[in-house]
1. In whole percent, what relative contact order does the chain give with Cα contacts below 8 Å and a gap of six or more residues?
2. Output wanted: per-residue J couplings in Hz (rounded whole) for segment 377-385, from phi through Karplus 6.51 cos²θ - 1.76 cosθ + 1.60, θ = phi - 60°, x for Gly and Pro.
3. Report, by chain and number, residues whose modeled amide H sits under 5 Å from the one on LEU162, excluding near sequence neighbours (fewer than 5 apart, same chain).
4. Calculate what fraction, in whole %, of the accessible area of the chain sits on carbon and sulfur atoms when a 1.4 Å probe is rolled over the protein chains.
5. Can you give the FRET efficiency to the nearest 0.05 for ARG142 and GLU305, using r as the Cβ-Cβ distance and R₀ = 51 Å?
6. Considering only DSSP states other than H, G, I, E and B, which GluC sites (Glu not before Pro) in segment 450-508 qualify as loop sites with at most 11 other Cβ atoms within 10 Å?
7. Based on DSSP H runs of at least 4 residues, each adding -39500 (n - 2.57), what is the mean residue ellipticity at 222 nm of the chain after dividing by all its residues, to the nearest 500 deg cm²/dmol?
8. I want the local charge near PRO9. Using Cβ-Cβ distances under 15 Å, sum +1 for each Lys or Arg and -1 for each Asp or Glu among the other residues.
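The values are calculated or read from the model by the stated rules, or taken from the named source; none is laboratory data. Just so it is clear, the structure is predicted and the values come from calculations on it, not from any experiment. For neighbour counting, all protein chains shown are included, and Cβ atoms are generated from backbone atoms with ideal geometry for every residue, glycine included. Side chains included, ligands, DNA and RNA excluded: accessible areas come from the protein's heavy atoms. Shrake-Rupley method; radii C 1.70, N 1.55, O 1.52, S 1.80 Å.
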Amino acid sequence: MRKTTPDTPADLFVIGGGINGCGIARDAAGRGASVLLAEMGDLASATSSASTKLFHGGLRYLEYLEVRLVREALVEREVLLRAMPHISWPMRFVLPYHRDMRFESETPISKMLGLAMPWMKGRRPAWLIRMGLFMYDHLGGRKILPGTATLSLKGTKEGAPLQPRFERAYEYSDCWVEDSRLVVLNARDAEARGATIMTRTKVTHAQRDGALWRIETKDAETGAKATHYAKMLINAGGPWVGDVIHDKIDLPSREGVRLVRGSHIVTRRLYDHDKCYFFQGTDGRIIFAIPYERDFTLIGTTDAEHKDPDRRPVCTPEEQAYLINFANQYFAQSISDKDVVWTYSGVRPLYDDGASSATAATRDYTLKVDAEGGAPVLNVFGGKITTYRRLAESALEKIGEHVTLNSGPWTAGVAMPGGDFPVDGFDALVQAVSEKYSFLGEVWARRLVRAYGTEAETLLGEAKSAADLGRAFGATLTEAEVIWLMRQEFARTAEDVVWRRTKLGLRLSEEEISALDGWMTSRRERADAAE
Ligand SMILES: Cc1cc2nc3c(=O)[nH]c(=O)nc-3n(C[C@H](O)[C@H](O)[C@H](O)COP(=O)(O)OP(=O)(O)OC[C@H]3O[C@@H](n4cnc5c(N)ncnc54)[C@H](O)[C@@H]3O)c2cc1C
């Protein structure tokens with residue numbers, strides 16, 4: 001850990017190891033700033049591992065006229081795809097059309113249409129969807145992703161899982177991303193560029209000390225306390241951004257955060273093709289059904305007010321029933337609680353723009369600097385996984401007013417760790433890895449290349465057989481991989497490994513996870529004793 005003193009302060013101290021904190025840390029470290037980052041849990045342990053995992057423009061935000069956000073996100077999809085073709089990939093979204101589809105009555109577009117065409121009574125007409133998709137296709141200047149197409153659902157693979165009343169659909173492009181791996185790769189790259197990343201380290205208090213911040217932290221595992229000094233504080237606490245402002249640094253700020261919980265359910269695989277569905281409800285909301293981890297389908301999300309960031313978000317029985325009922329308005333074969341194998345839930349830390357409903361609150365980000373009482377602090381509100389890199393660039397613009405940086409924006413076009421291969425080169429890389437390590441077989445090789453990209457070979461080293469990778473923990477997880485995750489990716493516990501660095505928790509039994517945890521604990525203890 002980098003030791004700071006009042007005479008040798010860091011340039012930046014970042015609170016929060018979610019996508020925004022890690023994205024800012026990476027960008028700043030790459031511009032020569034000295035950076036410390038503290039995350040009270042595991043990296044991405046809060047919202048940034050609980051998203052729908054889409055690099056998307058956000059089609060529905062067009063109805064809220066959030067054109068700036070949609071445009072920035074659409075452009076960003078391809079920038080990100082190129083930088084990380086292992087953990088992100090293009091996806092086609094099938095949007096079945098039916099005349100029962102309704103607007104969320106709050107949206108500016110629905111209000112305008114209600115005035116101009118009162119006979120539509122809140123209906124979301126097909127021509128309006130087509131117009132939205134036209135904008136979606138053209139706002140962001142696509143080069144990789146194909147544009148919108150119309151689709152018959154009669155006798156097609158896309159129509160087969162749906163009720164026969166759906167006869168036609170639109171199909172458009174967005175992208176998938178492994179959200180928690182994205183965070184870890186940003187943290188790793190920040191570290192490689194000189195940043196100090198401290199996980200399981202909670203910021204308990206920070207106060208201005210003349211032109212510096214004096215920051216107190218507490219190690220969540222050992223209870224050890226430490227003091228750090230920095231020229232500028234970055235509050236990327238996500239759902240805790242308000243808690244940090246009011247409780248940890250006593251800032252007299254009136255900025256507010258609105259916490260909106262979103263839950264997902266994961267079911268057994270519900271259909272046989274690789275496209276996603278975009279379902280519109282009669283309540284004006286939308287949900288996605290997405291092929292997930294080869295054998296599963298991911299369905300979400302909900303919008304529910306969530307008051308207390310310290311209350312761990314869970315998918316309530318009501319939210320689960322809502323998602324099941326929503327999906328059952330579309331799928332020919334109804335699903336029930338019995339089909340649900342896992343649920344997860346996250347809290348959106350949205351900037352409080354005074355919108356009346358959770359669905360209507362802005363998804364755009366807001367950056368506020370407070371430098372009035374001495375050393376500056378930057379508070380980060382809102383944002384999307386998709387716009388994290390642009391958010392970091394905007395943050396660095398503000399940071400540059402207070403801290404010397406040795407270069408301008410640099411992250412567009414620079415590969416993330418393991419992402420240094422062509423955007424269409426994934427299959428070729430899987431083939432190369434499968435040939436070199438023939439004992440893996442296709443499914444295992446694919447999983448490793450998806451997770452580690454070109455670094456899969458570094459992880460596998462000279463292995464000639466599965467036995468060379470050490471103990472097998474189940475579901476193709478081996479000692480070699482776990483050691484990689486502990487050494488390179490800040491993993492401390494089995495939960496970090498099976499729910500955030502991988503999603504093998506869907507396949508491992510409770511006994512296997514607990515055996516992994518025991519093994520990791522004793523390895524950690526041995527490593528700590530050796531230090
Ligand atoms: C249900 C849902 C679906 C979503 N889907 C998408 C999507 O498909 N695409 C998309 O682009 N975006 C999506 N988003 C939005 C996106 O996930 C969030 O905007 C983003 O993850 C927020 O990242 P963050 O870094 O601000 O917050 P977080 O990931 O919550 O990170 C904040 C971190 O700060 C830490 N912290 C807080 N206080 C302290 C302290 N005192 N000391 C140390 N650490 C502290 C926390 O432990 C936490 O890890 C979705 C969000 C939700 C909830």
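1. Once normalised by length, the contact order is 20 percent.
2. Computed from phi, the couplings for segment 377-385 are 10, 10, 9, 9, 10, x, x, 10, 3 Hz.
3. Here ALA332 satisfy the definition.
4. Carbon plus sulfur share of accessible area: 51 percent.
5. Once rounded, the FRET efficiency stands at 0.90.
6. On the way: sites: GLU455, GLU457, GLU462, GLU479, GLU481, GLU489, GLU495; in loops: GLU462, GLU489.
Those satisfying the criteria are GLU462.
7. -9000 deg cm²/dmol
8. So the environment of PRO9 carries a net charge of +1.
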